[in-house]
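Here the structure is laid out as structure tokens; the discussion comes afterwards.
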Amino acid sequence: MDFLLLLIVGITGIAALAFAFISYVRIDMFRVDNERVSELSHIIHRGAMAFLYREYKWLLPFLLIVGVLLWIKIGGAAGFSFIIGGLCSAAAGYAGMVVATKSNGKTAFAATRGMNEALTMAFKGGSVMGMSVVGIGVLGILFCYALFEDPTLITSFGMGASSIALFARVGGGIYTKAADVGADLVGKVEAGIPEDDPRNPAVIADNVGDNVGDIAGMGADLFESYVNSIIAAMAIGLAVFGSKGVVFPLVLAAVGILSAIAGTTFVKVKDGGSASVALRTGTFVTGGIMIGGAFLVTLAMFREFALFWSVVSGVGVGVLIGFVTEIYTSGDYASVKHIAESSKTGPATVILAGMAVGMKSTVIPVLLICAATLISYYFSGLYGIACAAVGMLSITGMALSVDAYGPIADNAGGIAEMSHLPKEVRKITDKLDAIGNTTAAMGKGLAIGSAALTALALFAAYAHSVKLTAIDLNDPKVMVGLFLGGMLPFLFSSMSIQAVGRAAEAMIDEVRRQFKEIPGIMEGTGKPEYEKCVDISTAAALKEMIIPGLLAVLSPVVVGFVLGAQALGGLLGGSIVTGVMLAIFMSNAGGAWDNAKKYIEEGNFGGKGTPEHAAAVVGDTVGDPFKDTAGPSLNILIKLMSVVALVLAPLFV
């Protein structure tokens with residue numbers, strides 16, 4: 001029976017990759033009848049792939065060295081699984097990046113035929129990323145499990161995925177925000193030229209960065225969340241239910257893949273319809289089918305419903321967190337409109353209003369995470385919490401498709417502007433871009449919520465591995481671990497934001513130099529040196545990502561060896577609490593600032609070129625490293641620390 005179920009899981013993983021391949025073929029068959037659009041898309045593709053090649057060239061030796069150390073210290077299964085996990089994460093990011101950078105120009109040209117054509121093209125490009133992540137994730141776990149037949153031996157698969165994800169997220173975030181800040185501050189604020197104006201030397205680097213940060217980075221982020229939740233549930237399930245507990249989370253993942261494939265067929269918009277409603281419909285349909293499938297699977301495997309309620313709590317909370325995130329970050333709701341209105345009194349009040357919204361936005365998601373934790377534990381104990389995380393991430397195929405659609409739409413808008421396509425086209429791409437900001441925030445919300453539950457599941461697996469039944473707060477070493485864990489997300493965020501600041505300074509200097517030294521650049525007769533800006537972002541990102549990444553990997557190692565297993569438990573607990581809060585705050589504040597700027601650009605409070613708009617641009621610039629570098633990297637930080645502790649647990653006992 002177990003073999004048959006695992007075979008079905010493998011077939012659904014192959015089906016996900018087949019769906020991604022078919023989507024890629026359809027994108028490739030679409031012809032762009034505009035030379036300038038094709039040229040710009042090719043330049044962005046070339047810049048993004050060049051960064052990815054250089055990043056992976058740095059990460060491959062790290063992957064091999066750590067894999068060999070794990071092989072020597074813990075065993076061959078740990079070392080091999082770590083390397084396979086890292087390679088699978090890199091492969092998912094690569095697949096998404098290739099297709100996204102080929103979809104952007106096609107989306108811009110499709111917008112000349114209407115909203116539905118453009119939405120379909122952008123979403124199809126995003127679905128390649130979404131389905132690649134779930135397909136590669138499921139097949140990678142199955143491969144390692146088939147080799148070693150013990151989920152506790154392959155937890156390092158998640159560690160490899162998390163390591164690559166953290167470097168990809170931090171490096172991609174630094175790249176994209178250095179370019180974005182440089183382009184905005186010098187182009188919009190100082191030179192007074194529009195966003196995505198081809199006269200701006202940083203504009204190509206900015207468009208490349210959208211793919212580097214929000215496609216490769218976000219894909220690697222949700223990939224490691226996805227596989228870590230499944231592996232944690234498999235490890236706990238082995239202790240609770242035996243082989244049945246190992247197979248169940250994999251079957252849930254398979255149901256999620258089929259649900260996502262079905263949900264994609266509902267993402268359509270008629271003339272005059274709402275693209276955001278179409279995307280939301282696809283997500284809700286996916287969630288609904290997933291809940292129905294989970295009911296049938298739980299009944300068939302366990303003959304009772306306790307685990308079903310745990311899974312439902314995860315799926316429901318995942319969807320609700322996305323909806324709450326939309327309320328705080330969309331221009332359709334009061335919070336963003338309030339930030340836009342605060343621009344009347346300058347950038348300081350914009351920043352204060354955005355910070356207040358970000359802080360307030362932590363309340364409901366945390367209450368929802370608490371509810372999912374209590375409900376899932378009540379029905380099925382620690383295994384229930386792990387299955388709730390799997391349930392929340394079971395819709396990753398759809399959620400990531402929606403999320404990856406955003407940067408494709410953003411790129412399409414930039415290409416439309418630089419190609420001087422008709423204003424009607426830019427209106428369509430602007431609408432898709434504004435929705436993309438909200439879907440990106442919703443994707444980050446799902447990633448953060450799932451990070452909390454996955455980290456709790458990994459923590460439970462760690463506690464079981466080191467036989468930690470309780471954490472004694474009277475033990476000074478435990479309190480030290482707790483404080484160190486609480487401090488680490490702040491230190492990590494500080495390092496990430498400072499890295500963006502340093503990289504942005506170099507970008508600003510270069511853009512100013514080109515405006516000053518290249519004759520005719522403002523008149524449109526001189527050609528900006530785009531490649532120099534791309535190189536600045538690339539070099540800065542690769543240099544600056546190293547220390548934050550090593551901080552996450554080494555902290556649990558040092559605390560575990562120096563202070564012991566209990567203190568390491570305190571470190572993990574402290575990092576989970578502050579990390580989740582900071583991640584929600586920064587991601588939502590950044591998203592709200594961004595859409596407040598766009599709300600003004602739509603003609604509200606004076607529109608473009610006014611002091612209100614300039615104030616909103618400053619707020620958006622502050623929010624850029626919040627929402628695209630530090631914030632989303634924190635959920636990887638807390639999971640990476642937890643999975644490092646779990647993998648190295650035998651050395652701390």
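Here are some notes:
- Protection proxy ranking, highest mean first, for peptides 575-581, 60-66: 575-581, 60-66, where packing is the per-residue count of other beta-carbon atoms within 10 Å, averaged.
- Helix-only arithmetic for the chain: the sum of -39500 (n - 2.57) across DSSP H runs with n ≥ 4, divided by the residue total, places the mean residue ellipticity at 222 nm at -29000 deg cm²/dmol.
- The 3J(HN,Hα) values that the Karplus relation (6.51, -1.76, 1.60; θ = phi - 60°) gives for the stretch 120-126 are, in residue order, 4, 5, 5, 5, 4, x, x Hz. Gly and Pro appear as x.
- Whether the stretch 447-501 is rounded, prolate or oblate, judged on the alpha carbon gyration tensor where a/c under 1.5 counts as rounded: oblate
- Using θ = phi - 60° and Karplus 6.51 cos²θ - 1.76 cosθ + 1.60, couplings along the stretch 96-101 (whole Hz; Gly, Pro as x): x, 5, 4, 6, 4, 6
- For the stretch 402-422 versus the stretch 15-76, the gap between their alpha-carbon centres in whole angstrom: 20
- Extension gain, Glu424 to Phe561: 0.36 nm times the residue separation minus the Cα-Cα distance gives 43.1 nm.
- Taken one residue at a time, the phi angles of the stretch 469-476 give Karplus couplings (6.51, -1.76, 1.60, θ = phi - 60°) of 8, 7, 10, 7, 6, 7, 7, x Hz. Gly and Pro are set to x.
- Two-site label geometry, Lys244 and Ile14: point separation in nm, points 7 Å out along Cα→Cβ: 2.9
- When only alpha carbons are used to place a centre, the stretch 523-565 and the stretch 226-257 end up 34 Å from one another.
- Mean separation of Cα contacts under 8 Å, 6 or more apart, over the residue count of the stretch 2-652: relative contact order %: 22
- Going by neighbour counts of Cβ atoms within 10 Å, the residues Met418, Met479, Met131, Met234 line up, fewest first, as Met479, Met418, Met234, Met131.
- Straight Cα distances below 19 angstrom link Lys427 to the aspartates and glutamates Glu117, Glu195, Asp196, Asp197, Asp271, Asp332, Asp410, Glu417, Asp594, Glu601, Glu602, with same-chain residues fewer than 8 positions distant left out.
- Cα radius of gyration and Dmax for the stretch 185-276 (Å): 22.0, 65
- Arranged from fewest to most other beta-carbon atoms within 10 Å of their beta carbon, Phe241, Phe585, Phe82 become Phe241, Phe585, Phe82.
- Distance histogram in 10 Å bins (all Cα pairs of the stretch 346-439, percent per bin): 14, 22, 28, 22, 11, 3
- Packing-based order for 533-539, 110-116, 42-48, using average beta carbon neighbours within 10 Å, highest first: 533-539, 42-48, 110-116
- Qualifying trypsin sites (Lys or Arg not before Pro) in the stretch 467-568, where qualification requires a DSSP coil assignment and no more than 10 other C-beta atoms within 10 Å, comprise Lys467.
- Per-residue Cβ neighbour rank within 10 angstrom, fewest leading, Thr298, Thr396: Thr298, Thr396
- Global geometry of the stretch 506-636, whether rounded, prolate or oblate, following the gyration tensor of its Cα atoms and the 1.5 cut on a/c: oblate
- Checked against a 27 Å cut-off, the cross-linked pairs Lys124/Lys639; Lys360/Lys477; Lys102/Lys516; Lys337/Lys423; Lys102/Lys270 give Cα-Cα distances beyond that limit for Lys124/Lys639; Lys360/Lys477; Lys102/Lys516.
- Under 20 Å from Lys543, Cα to Cα: lysines that are on another chain or at least 8 residues apart: Lys57, Lys177, Lys532
- Cα centroid separation - the stretch 297-346 against the stretch 451-484, whole Å: 28
- Overall shape: oblate for the stretch 265-325, with the ratio a/c of the largest to smallest alpha carbon gyration tensor axis at 1.5 or above and b/c at least equal to a/b.
Every number here is computed from the coordinates shown, using simple stated rules; none is lab data. Worth saying up front: this structure is predicted, and the values here are computed from it rather than measured. Glycine gets a Cβ as well: all are built from the backbone with ideal geometry, and neighbour counts include every protein chain shown.
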